[in-house]
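Enquirer: One structure, as structure tokens, below. Some questions next.
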Amino acid sequence: MAEIRTVGVLGCGLMGSGIAEIAAKSGFETRVRETSEALCERGLGSIQKSLGRAVEKGKLEPTARDEALARIRTTTNLEDLRDCDIIVEAVTEDLAVKTELFSALDKLCPEATIFASNTSSIPIASMAAATRRPDRFVGLHFFNPVPVMRLVEVVRSIATSDETYRTAFDFARRLGKEPVEAHDNSGFIVNRLLVPYMLDAIRALEEGVGTIEDIDKAMTLGTGYPMGPFVLGDFVGLDTLYRIAEIMFEEYREKRFAPPPLLRRMVTMNYIGRKSGKGFYDYSGETPTPVKLV
């Protein structure tokens, strides 16, 4: 089984910064590539804040924080990732963008380097086919927020070798995560079950089954879920949910994966949740209030 010492991360946004943080905290030399110095600085700032909060809560020693930060190096140059033992991609959920990056890295990196994607919905084989190492290509699907959520879906395509899979599974454990094996179907395990539930909640709202507040309350109190589908959608980002739904519908061609008309209209109007200030709830006041949508 290959030994991983140096970790590369493509992207330093919400997911990429989280992956870089836990890799560095776990003792790995970590190189993070972004497209501009400004994005590098923003991502590093997010990591510093997250580690700082962990210190304030007594979950991390100040020396461990400083050591983790010292292991992280940001860059705008793709070539700086060429010597990494594993490279985890965490860029936008766009197949063309991902394959372009992996194709370029395939020419730069030695044969032993493992490629991994944090995609939440795109089949791994679609990206692996753009490289000359489909046997050393795997999915590592982390969950947001990465430093807190324990699950990682380790996704093997029909071409992923047993050694690559075992190495990736062990790597997830070394990051302090609980890995599960998932087959290479769009959405894998969690989103295959979660996305239709969230879309069906939107259809229920469209059809007058209940209000935003009542559907959320019913699903939290009636099932024990930590948050209702509309609060969750706003947290994830409705634009992200829409993209994932489109990818999964393209894969399965089943109505349960199709984005409802209301979701499409909301994304068009930039009602995409917390990050825009308005989604199913309006976040401009002291407390979120439901938005009149239907």
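Let's see how each residue does on (1) out of contact with any strand residue (DSSP E or B) (no Cβ under 7 Å at 6 or more places or on another chain); (2) over 23 Å from ALA172 (Cα atoms); (3) buried (at least 17 other Cβ atoms within 10 Å of the Cβ); (4) in the same structural domain as VAL152 (by TED's automatic domain parsing):
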{"residue": "GLY43", "(1), (2), (3), (4)": "no, no, yes, yes"}
{"residue": "GLY58", "(1), (2), (3), (4)": "yes, yes, no, yes"}
{"residue": "ARG71", "(1), (2), (3), (4)": "no, no, yes, yes"}
{"residue": "ASP83", "(1), (2), (3), (4)": "no, no, no, yes"}
{"residue": "VAL97", "(1), (2), (3), (4)": "yes, yes, no, yes"}
{"residue": "LEU101", "(1), (2), (3), (4)": "no, no, yes, yes"}
{"residue": "ALA104", "(1), (2), (3), (4)": "yes, yes, no, yes"}
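Enquirer: Something else now. Before we move on, is LEU194 closer than 22 Å to TYR252 by Cβ, of a type in the set (A, V, I, L, M) and more than 17 Å from the chain's Cα centre (by Cα)?
Expert: no
Enquirer: Let me ask something else about it. From the list SER50, SER121, SER26, SER117, pick out the single residue that is in contact (Cβ under 8 Å) with a residue 60 or more places away in the chain, under 17 Å from ILE4 (Cα atoms) and among the polar types (S, T, N, Q).
Expert: SER26
Enquirer: I'm trying to understand the selection: among the residues of region 220-250, which are farther than 30 Å from ALA96 by Cα and either surrounded by fewer than 20 Cβ atoms within 10 Å (Cβ to Cβ) or of a type in the set (D, E, K, R) (or both)?
Expert: Once the filter is applied, which keeps residues that are farther than 30 Å from ALA96 by Cα and either surrounded by fewer than 20 Cβ atoms within 10 Å (Cβ to Cβ) or of a type in the set (D, E, K, R) (or both), region 220-250 yields THR220, LEU221, GLY222, THR223, GLY224, TYR225, PRO226, MET227.
Enquirer: Which residues, counting only those in region 124-140, are closer than 24 Å to PHE257 by Cβ and surrounded by fewer than 23 Cβ atoms within 10 Å (Cβ to Cβ)?
Expert: ALA125, SER126, ALA129
Enquirer: Looking only at residues in region 141-171 that are surrounded by 21 or more Cβ atoms within 10 Å (Cβ to Cβ) and of a type in the set (A, V, I, L, M, F, W, C), which one is nearest to PHE115 (Cα to Cα)?
Expert: Filtering first and then ranking leaves ALA168.
The values are calculated or read from the model by the stated rules, or taken from the named source; none is laboratory data. Computed from a predicted model, the values in this text were never measured in an experiment. With ideal geometry, Cβ positions are generated from the backbone for all residues, glycine too; neighbour counts draw on all protein chains shown.
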